[in-house]
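Everything on this sheet refers to the single structure shown next.
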Amino acid sequence: IVEALESTASALGERDARLLRLANHDVLTGLFNRRRLVEELKKEIDNVTVNDFTSALLFIDLDQFKYVNDTCGHPAGDRLIRKVADQLTRSTEGRGIVARFGGDEFAVLVSGAKKRKARELAETILEDMRRLAHVENDNVFHVHCSIGISMITSDKFDHDELFAQADIACREAKVNGRNRLQFYNMSESEAEKMVADVGWVSKLRDALDNDRFVLRYQPIVHIASGRITHHEVLLRMTGDNGKLISPDAFLPAAVRFGLMAEIDSWMVKNAIRSLAEYRRERPDLRFSINLSANAFETQDLTEYVQLHLEKNCVPASSVIFEITESLAVRHLSFVERQIESLRKLGCELALDDFGTGYSSFSYLQRLPVDYIKIDGCFIRDLVDKPVDQKMIKLIAEIGQEAGMKIIAEYVQSGPILALLGELGIDMAQGFYIGRPAAAPTRKSMPIPINMSQRQGSRNSSA
């Protein structure tokens with residue numbers, strides 16, 4: 001018994017050490033990740049305020065990484081990212097803290113740097129990157145970068161604002177021709193937008209730190225049987241007045257100030273924990289969890305998911321991850337790799353809001369998902385729009401051919417549900433099926449009359 005307890009304690013200690021490592025370091029490069037850099041930046045802001053000096057935050061984005069990744073494949077992209085990480089470490093020569101944000105984005109925090117010193121370091125990085133050559137299959141690639149710089153002064157900017165400033169400056173460097181540096185210079189309109197978003201940032205921080213996010217569950221049913229197949233887990237934030245706030249209100253600020261990674265982590269951890277609790281009474285329960293493109297760009301996504309599945313004794317087959325079509329196509333190379341990795345783990349994947357973004361069926365060949373969720377804009381007036389009906393039927397046929405299940409969102413009435421069944425759609429979700437609730441529902445849907453008649457005639461003929 002003693003040996004068993006010691007073995008269990010050792011295993012738990014190793015698991016906790018892995019979680020701590022994942023929490024602070026990027027798996028691919030070994031550099032600090034965004035979370036750890038945030039901690040260091042908070043300390044630096046305090047030092048600047050107390051000691052009245054300046055520091056700098058450099059935001060670095062590679063300019064031709066996608067070309068290498070798409071041309072030579074994901075392993076080549078990984079090798080390039082590691083090479084860039086090593087080069088940045090050499091270029092800074094201990095003058096700053098280097099971190100990887102995910103994808104092809106890096107940052108350097110330089111303590112005690114005035115504007116001239118920040119510029120000199122950025123120019124060194126640019127020059128070193130210009131000389132960096134990456135060889136794959138006898139092809140030589142030169143990957144340059146763009147750098148945005150935000151100065152850390154005694155002004156009352158917090159870390160979220162500083163990240164946003166550096167990001168904005170980096171985007172401006174790209175617009176101006178790439179392969180260059182740009183200091184942040186806030187326009188009046190940008191200042192107004194930042195003030196509005198900053199108000200949300202403090203609320204988001206409070207929600208993350210004090211569990212003011214809550215989960216809501218919306219059922220998805222199999223149209224032919226009325227049986228609930230799974231529930232989509234939806235994020236809400238508790239406002240100061242106790243009312244729930246829709247993510248449409250706060251997610252734009254979360255994206256702007258780089259908080260999506262933390263929100264994704266919160267969502268994965270708490271949704272899986274919630275699933276474990278409900279599965280004690282309903283072992284067949286399954287959840288669908290929305291993730292941002294930021295999560296799919298994170299190298300350790302699958303390992304993070306696996307750790308929480310194991311911690312809560314939840315089978316991977318009971319979890320579906322969703323990503324919107326537009327984000328998936330925009331970050332295609334990263335998403336493609338993560339989908340493959342998550343499916344190997346045993347999870348399923350869904351392509352959300354299908355038909356609204358790039359609307360190209362060809363992308364389905366590179367995104368081997370298990371479910372396609374048709375956006376509500378095609379469903380809302382389906383009964384009165386023959387063109388939308390033809391589109392829905394086409395999606396259903398292509399999905400069936402590819403072995404994918406089709407889910408219709410925004411189902412608001414019985415006639416729409418019945419028509420979807422006739423058009424070959426597998427599942428449905430919407431207020432007619434069930435509104436988001438504080439707990440997963442057990443209630444099945446009545447089968448649409450035309451579907452039940454068709455089932456009856458099929459049984460009679462049998």
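No value in this document is a laboratory result; all are computed from the given coordinates. Quick caveat: nothing in here was measured; it's all calculated off a predicted structure. Because the Cβ atoms are built from the backbone with ideal geometry, glycine has one as well, and the counts that use them run over all protein chains shown.
On the first, second and third principal axes, largest extent first, how far apart are the outermost C-alpha atoms of the range 200-461 in Å?
59, 38, 35
Quick one: compute the contact order of the chain, relative version, from alpha carbon pairs under 8 angstrom and 6+ residues apart, as a percent.
Relative contact order of the chain: 13 percent.
Taking a quarter of the surface of the Cα convex hull of the chain, what do you get in nm²?
Over all viewing directions, the chain projects a mean Cα-hull area of 28.4 nm².
Show me the helices of the chain, taken as full DSSP H stretches, that run 30 Å or more along their long axis by Cα and average -0.5 or above in Kyte-Doolittle hydropathy. Each step should come with its number before you reach the end.
Details: long enough: 2-24 (33 Å, -0.07); 188-209 (31 Å, -0.40).
Passing helices, by number: 2-24, 188-209.
Identify, among VAL38, ILE392, CYS72, the residue whose Cα sits farthest towards the positive end of the charge dipole of the chain, taking +1 on the Cβ of Lys and Arg and -1 on the Cβ of Asp and Glu, with the dipole about the Cα centre.
Result: ILE392.
Along Cα→Cβ, 7 Å out, is where each label goes; now give me the distance between the ones at ALA249 and ARG35 in nm to one decimal.
Inter-label distance under the simple model: 2.8 nm.
Quote the charge dipole size of the range 200-461 about the Cα centre in Debye, to the nearest 20; the model charges only the Cβ of Lys and Arg (+1) and of Asp and Glu (-1).
It works out to roughly 680 debye.
Compare the Cα positions of SER246, LEU215, GLY258 along the charge dipole of the range 200-461 (+1 at Cβ of Lys, Arg; -1 at Cβ of Asp, Glu; about the Cα centre) and return the one farthest towards the positive end.
Of the candidates, LEU215 comes out farthest on the positive side.
Give me the distance between the Cα centres of the range 141-180 and the range 26-79, rounded to whole Å.
11 Å
Just to verify a number: FRET efficiency for ALA439 and ASP78, C-beta to C-beta distance, R0 = 41 Å, to 0.05?
E(calc), rounded to 0.05, equals 0.50.
With a cut-off of at most 12 other beta carbons within 10 Å, and DSSP calling the residue loop, which trypsin sites (Lys or Arg not before Pro) in the range 275-342 qualify? Please list them.
ARG280
If neighbour count is taken as other Cβ atoms inside 10 Å, put CYS313, CYS377, CYS347, CYS170 in order from fewest to most.
On the way: CYS313 8, CYS377 13, CYS347 22, CYS170 25.
Fewest-to-most Cβ neighbours within 10 Å comes out as CYS313, CYS377, CYS347, CYS170.
In the chain, which longest range has no GluC sites (Glu not before Pro) that are both DSSP loop (not H, G, I, E or B) and surrounded by at most 10 other Cβ atoms within 10 Å? Present the calculation step by step, with values, prior to reporting the outcome.
Details: sites that count: GLU93, GLU281.
Here the longest run is 94-280.
Give me the one-decimal nm value for the distance between modelled label points at ARG119 and PHE53, 7 Å along each residue's Cα-to-Cβ direction.
Between ARG119 and PHE53, the label points sit 2.1 nm apart.
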